Amino acid sequence: MRNIVRTLTGTVAAAGLVFAVSAHAVDITGAGATFPYPIYAKWAEAYNAKTGVKLNYQSIGSGGGIKQIQNKTVNFGASDKPLTVAELDKDGLMQFPAVIGGVVPVINVEGISSGKLRLNGEVLANIFLKKITKWDDAAIKAINPGVALPSANITVVHRSDGSGTTFNFANYLTKVSEEWKTKVGADTSVSWPAGVGGKGNEGVASYVQRIKGAIGYVEYAYAKQNGMNYVVMQNREGEFVKPGLASFQAAAKYAEWEKAPGFYEILTNEPGKESWPIAAATFILMHKTQENPAAAKEVLKFFNYGYTEGDKMAEALDYVPLPDTAVKLIQKHWSVNLKGKDGSAVWP
């Protein structure tokens, strides 16, 4: 976790990011998902250099981001779990996707380097259900012929906080394991059958790095930037695929944003021979009626910058930028749904 922690603590507390700003710029405040933190940090640094606008984003988990936007303590909330139209309407909110990434199982198993261990959905679910407790279990050996698996205990590491990463990981498991679906289900917080809890993608990654025999799940940028060992997953078509930009893009192409009310879209277990099975979009939440339209417009300008000028930065961190067709839908959504208290449009 060395790289991520340095990024987070370089300016303020370990949960936030703040960049310098001119005295005349409007501050932007946000809180929520740790999944997109690496790309928000990269965009914020570049946007600040270009505009002088400051972003203060607290990387506290999707559950915390939802609560903070509901309580109107930030300009925007961030969640990897999309809210339904009913949930949005209840609090007068709207949402839109920012980027697409991948949730990746990561391991710390002696003698097993990155990409050398194969898992399928059923085996992964049974590990997290505590039905498989040893790395040399017959079910793991059956899909890893020729791999020297140690007779070591498996330690499951999961999120301890309300997490959209957890939601997408658990949502995937509900699609591949009937037992997981009936006993555990999918939400930002679930009743874990076993394991150690870490706060944020950062906390899970840190525990996995420190505990021999551990397995956890993180957003791919955390695994990549910290040299963590990821597993190869069998997808819906029966193909074993590695995580990365290409397999995330393969899954992302099945998103149908124009048909998704309120942009509610879940991208786990998508079809396609090259698709990563635990892909996920991350979302921004804002109030439809804005008490501070100037700050709201600055939020939209920031994300518009990400859409129009931040694609290469996103791809460098293995996030999938949204296609132009989706961006146009989002921009239209902004102009229709975001209003000041006097009814005037916030965007453009």
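The values are calculated or read from the model by the stated rules, or taken from the named source; none is laboratory data. Predicted model only: the values in this text are computed from it and were never measured. Methodologically, a virtual Cβ is constructed for each residue, glycine included, from the backbone with ideal geometry; neighbour enumeration extends over all protein chains shown. Side chains included, ligands, DNA and RNA excluded: accessible areas come from the protein's heavy atoms. Shrake-Rupley method; radii C 1.70, N 1.55, O 1.52, S 1.80 Å.
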Tell me which residues, restricted to segment 55-107, are open to solvent by 10 Å² or more (accessible area, probe 1.4 Å) and among the charged types (D, E, K, R).
Lys67, Lys72, Lys81, Glu87, Asp89, Lys90, Asp91
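Would you kindly identify the strands (runs of 3 or more DSSP E) lying entirely within segment 1-89 that contain at least 3 residues that are modelled with pLDDT of 95 or more?
Values: elements: 16-18, 28-32, 55-59, 76-79.
Here the list reads 28-32, 55-59, 76-79.
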Within segment 26-43, residues in contact (Cβ under 8 Å) with a residue 60 or more places away in the chain and among the hydrophobic types (A, V, I, L, M, F, W, C) come out as Val26, Ile28, Ala33, Phe35, Ile39, Trp43
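Go through segment 25-37 and report how many residues are within 20 Å of Gly200 (Cβ to Cβ) and either among the small types (Gly, Ala, Ser) or open to solvent by 10 Å² or more (accessible area, probe 1.4 Å) (or both).
Of the residues in that region, 5 qualify.
On the given criteria, is Lys181 more than 23 Å from Gln58 (Cα to Cα), touching an Asp or Glu at 6+ places or on another chain (Cβ under 7 Å), of a type outside the set (Val, Ile, Thr) and surrounded by fewer than 18 Cβ atoms within 10 Å (Cβ to Cβ)? Walk me through how you get there before you give the answer.
Values: more than 23 Å from Gln58 (Cα to Cα): yes; touching an Asp or Glu at 6+ places or on another chain (Cβ under 7 Å): no; of a type outside the set (Val, Ile, Thr): yes; surrounded by fewer than 18 Cβ atoms within 10 Å (Cβ to Cβ): yes.
No, not satisfied.
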I need a count of the residues in segment 324-341 that are more than 16 Å from Glu258 (Cα to Cα) and open to solvent by 60 Å² or more (accessible area, probe 1.4 Å).
2
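Only residues that are among the β-branched types (Val, Ile, Thr) and under 15 Å from the mean Cα position of the chain (by Cα): list them for segment 49-63, please.
Step one: of segment 49-63, the residues among the β-branched types (Val, Ile, Thr) are 51, 53, 60.
Hit for segment 49-63 is Ile60, nothing else.
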Which of the following residues is touching a residue at least 12 places away in the same chain (Cβ under 8 Å), among the small types (Gly, Ala, Ser) and crowded, with 20+ Cβ neighbours inside 10 Å: Ser189, Ser206?
Ser206
Which ones in segment 278-301 are touching a helix residue (DSSP H, G or I) at 6+ places or on another chain (Cβ under 6 Å) and not β-branched (Val, Ile, Thr)?
Ala279, Ala280, Leu285, Lys288, Gln290, Leu300
Give me the residue from segment 167-178 that is in contact with a helix residue (DSSP H, G or I) (Cβ under 9 Å, 6 or more places away or on another chain) and free of Cβ contacts under 8 Å to residues at least 40 places away in the same chain and, out of that set, surrounded by the fewest Cβ atoms within 10 Å (Cβ to Cβ).
Thr174
Selected residue (criterion: nearest to the chain's Cα centre (by Cα)) from residues of segment 64-112 that are among the polar types (S, T, N, Q) and within 27 Å of Asp324 (Cβ to Cβ)
Ser79
For Pro321, indicate whether it is open to solvent by 10 Å² or more (accessible area, probe 1.4 Å) and out of contact with any helix residue (DSSP H, G or I) (no Cβ under 7 Å at 6 or more places or on another chain).
no
